[in-house]
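The values are calculated or read from the model by the stated rules, or taken from the named source; none is laboratory data. The shown structure was predicted, so the numbers you read here are calculated from the model rather than taken from an experiment. FYI the Cβ positions are ideal-geometry reconstructions off the backbone, even for glycines, and counts take in every protein chain you see.
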Amino acid sequence: MRRTILRGRVLTFVSEPQGIDDTASYRYLEDGAITIEDGKIIAVGDFAADDSAEVIDHRPHLILPGFIDTHLHYVQSQMIASYAGSLLEWLNTYTFVEEQKFSQQGHASTVSAAFFDELIRHGTTTAVAYCSSHPRSVDAYFGEAAKRNMLMVGGKVMMDRNAPEALCDTAQSGYDDTRTLIARWHGKGRGLYAISPRFALTSTPEQLDAARALVAEYPDCYVQTHLSENAAEITYAMELYPGSPDYTGIYEDFGLLGPRTLLGHCIHLNHRETQVLAETGAVAVFCPTSNLFLGSGLFDHERLSKAGVRIGVATDIGGGTSFSMLRTLDEGYKVLQLRGQRLTPLNSFYMMTLGNARSLSLEGTIGAIAPGNAADLVVLDAGATPAMALRLATASSLVEELFLLQTLGDDRAIAEVYVAGARAKSTLGGL
Ligand code: GUN
Ligand code: ZN
């Protein structure tokens, strides 16, 4: 098998940074070499000439693990920037209309291909996506992921009430379709399935019971849903489930919380809910651009983190406004500024890589540049635009360079992407 060596400035995290000076949390090689064979990293170290391998020289750019996005909706790719006052208006006016289009295979295939192009263009090599309630939207998603050899998580949305008839399944059909799709896609190639009840508002107790049965039958699948995003949503959830102590308690009562559960938003949690998340190991997913766009609120990173809650970060396309994890963490930084909390550049880049890999319990597979991991990588150019180049000229440290990438960067800062060792951005059609 032919070996490839990527030469460049290599940065990878080994632990969660404990502050802006925590140099022990990462490994940085000024002139590094990543040796790749058969789609995997087999060695990482200082560069040394090696005639037996093809060398691709990315200097002076930084090479990091590919970005990971832990919550987004591929079926909302064409409705980003829909003008609404708040979550429920946005869902009813645009989202539940848009997602009906995915009953057509042709539409699902076209949008999923465009969606994967956007992920790659923005440096994201793994994502966790909601499909629509139509099984064919899931086939289009995992089919496209397989074509590109990408490690992708996703699932059919389960929703059996409070939405247009054309979008609703039933407790039984949602269960049956999910089982079929798990058999078809979970563990096939790099695909992993997420059991996906949309949220408490669009699932009857019978459907959450069916989701509970699926979780028991398929404990190695993920579970994804939405939690505590918006005040009106919380009020309605408690009207629909008056027997539960709070919103988190609904999912708890139906056995849906565990270390493979990803909960989008988690903005307005009370003390008990925070404790439950910490105890169950469920992951709270911070979606800054979406939370700002829909006016949902300011995620309290410090409170959740201190309570021992696992935290992921995500774009939440199409409530979110950018496919870019750089733009997402830039907005995340500003959200935490408004909360009087600091997010160091080290923590931002940790979160988009190793942190999110840990959220998915995929450390050792993705999220770090280390032997044995997949060669899913992103090459970053901190001088990609004139404004970035101007600022880069005055940057004198790695941390400053990262912060400028986050603050000014977008898809233009993504010089190249590798998926399982193969070039993926420069080989995109239409570039
Ligand atoms: N809650 C339930 N469905 C959705 C969705 O599609 N987007 C967001 N942001 N919140 C939701
Ligand atoms: Zn969402």
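For segment 268-286, a tally of residues being out of contact with any Lys or Arg (no Cβ under 9 Å at 6 or more places or on another chain) and more than 11 Å from ligand 1 (Cβ to nearest atom) returns 10.
Of the strands (runs of 3 or more DSSP E) entirely within segment 120-204, none holds at least 2 residues that are of a type in the set (S, T, N, Q), out of contact with any strand residue (DSSP E or B) (no Cβ under 9 Å at 6 or more places or on another chain) and in contact (Cβ under 8 Å) with a residue 12 or more places away in the chain.
Considered as a group, the residues in segment 36-90 that are without any contact (Cβ under 8 Å) to a residue 12 or more places away in the chain and within 16 Å of ligand 1 (Cβ to nearest atom) include one that is farthest from A232 (Cα to Cα), and that residue is Y83.
Residues that are among the aromatic types (F, W, Y) and under 11 Å from G318 (Cα atoms) were ranked within segment 73-98; the one that is farthest from ligand 2 (Cβ to nearest atom) is Y94.
When the residues of segment 310-345 are filtered to those that are within 16 Å of ligand 1 (Cβ to nearest atom) and of a type in the set (D, E, K, R), the one that is farthest from L402 (Cα to Cα) is D316. Tell me whether segment 47-56 contains one or more residues that are polar (S, T, N, Q), within 27 Å of T178 (Cα to Cα), in a loop (DSSP other than H, G, I, E, B) and away from ligand 2 (no atom under 16 Å from the Cβ). No, segment 47-56 contains no residue that is polar (S, T, N, Q), within 27 Å of T178 (Cα to Cα), in a loop (DSSP other than H, G, I, E, B) and away from ligand 2 (no atom under 16 Å from the Cβ). Within segment 217-236, restricting attention to residues that are crowded, with 22+ Cβ neighbours inside 10 Å and more than 14 Å from L269 (Cα to Cα), the residue that is nearest to ligand 1 (Cβ to nearest atom) is T225. Taken together, V285, V309, V313 contain a single residue that is away from ligand 2 (no atom under 16 Å from the Cβ), surrounded by 21 or more Cβ atoms within 10 Å (Cβ to Cβ) and more than 23 Å from T93 (Cβ to Cβ), which is V309.
A count restricted to segment 185-231 and to residues that are more than 15 Å from ligand 2 (Cβ to nearest atom), among the basic types (K, R) and closer than 22 Å to P245 by Cβ stands at 1.
Under the condition of being hydroxyl-bearing (S, T, Y) and in contact (Cβ under 8 Å) with a residue 40 or more places away in the chain, which residue from segment 237-281 is surrounded by the fewest Cβ atoms within 10 Å (Cβ to Cβ)?
Of everything passing the filter in segment 237-281, Y241 is surrounded by the fewest Cβ atoms within 10 Å (Cβ to Cβ).
Scanning segment 287-309 for residues being among the hydrophobic types (A, V, I, L, M, F, W, C), within 16 Å of ligand 1 (Cβ to nearest atom) and touching a helix residue (DSSP H, G or I) at 6+ places or on another chain (Cβ under 7 Å) gives a total of 4.
So is A200 modelled with pLDDT of 95 or more, of a type in the set (A, V, I, L, M), within 16 Å of ligand 1 (Cβ to nearest atom) and within 25 Å of M152 (Cβ to Cβ) or not? Criteria not met by A200.
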